[in-house]
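Q: Here you go, one structure.
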Amino acid sequence: MHTLIRDKDISKHDFVFYSDRLILLVMEHGLGHLPFTEKQVVTPTGSIYTGVDFCKKLCGVSIVLSGESMENGESMENALRACCKGIKIGFFLIHRDGHDGKQDSFYRGLTPEESKLVHEYNFDHPDAFDTEQLLECVEILKSGLSVHVPIYDFKTHQRSSDSFRQLVDSHTVGLLRSL
């Protein structure tokens, strides 16, 4: 499937079909890593079947960079809904600063090794972000307090150590809905 979706001659219909199938496989695999407990059910034939149930109630959070279409994550959300009927999905909008459209709030600083190969670095990969700090900021904003958000310097590929942007609830950078 990876080969098919990378083929420049693939039809749009086939590209969407195989991409959606891959996304569903990734979603199913990821859900298999969540904590679960054993659960027994009685089948229509009266047999007892031992399966699993999630330990906690699930919700999904789609992270979108401002300036992108909210539909960009639609395939992943559809796959999650296909795997977990009735799941609530929220959206977190990450603010982009300035007119260049660069998201600068939650990138982690690059290591010296990563900086040497910055032209090959994947800034879209989840490891490029300081997710822990992002979630801390979300919790602070949800509680109605202001938060200091770091500013990322794209020239040095580090966070500015003495520069922060203060966000208050009126700036609404974090948008959680449906949760």
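Q: When you scan segment 1-13, how many residues do you find that are part of a helix (DSSP H, G or I) and either touching a residue at least 12 places away in the same chain (Cβ under 8 Å) or open to solvent by less than 60 Å² (accessible area, probe 1.4 Å) (or both)?
A: 3
Q: Within segment 27-47, can you find the residues that are part of a helix (DSSP H, G or I) and either open to solvent by 90 Å² or more (accessible area, probe 1.4 Å) or acidic (Asp, Glu) (or both)?
A: Once the filter is applied, which keeps residues that are part of a helix (DSSP H, G or I) and either open to solvent by 90 Å² or more (accessible area, probe 1.4 Å) or acidic (Asp, Glu) (or both), segment 27-47 yields Glu28, His29.
Q: Any residue at all in segment 149-162 that's modelled with pLDDT of 75 or more, among the basic types (Lys, Arg) and either surrounded by 11 or more Cβ atoms within 10 Å (Cβ to Cβ) or touching a strand residue (DSSP E or B) at 6+ places or on another chain (Cβ under 6 Å) (or both)?
A: Scanning segment 149-162 turns up at least one residue that is modelled with pLDDT of 75 or more, among the basic types (Lys, Arg) and either surrounded by 11 or more Cβ atoms within 10 Å (Cβ to Cβ) or touching a strand residue (DSSP E or B) at 6+ places or on another chain (Cβ under 6 Å) (or both).
The values are calculated or read from the model by the stated rules, or taken from the named source; none is laboratory data. Remember, predicted model here, so these are calculated numbers, not experimental data. Don't worry about glycine lacking a Cβ; one is built from the backbone with ideal geometry, like all the others, and counts go over all protein chains shown. The protein model used for the area step is the full one, side chains on, heavy atoms only, and it has no ligands, DNA or RNA in it. Shrake-Rupley method; radii C 1.70, N 1.55, O 1.52, S 1.80 Å.
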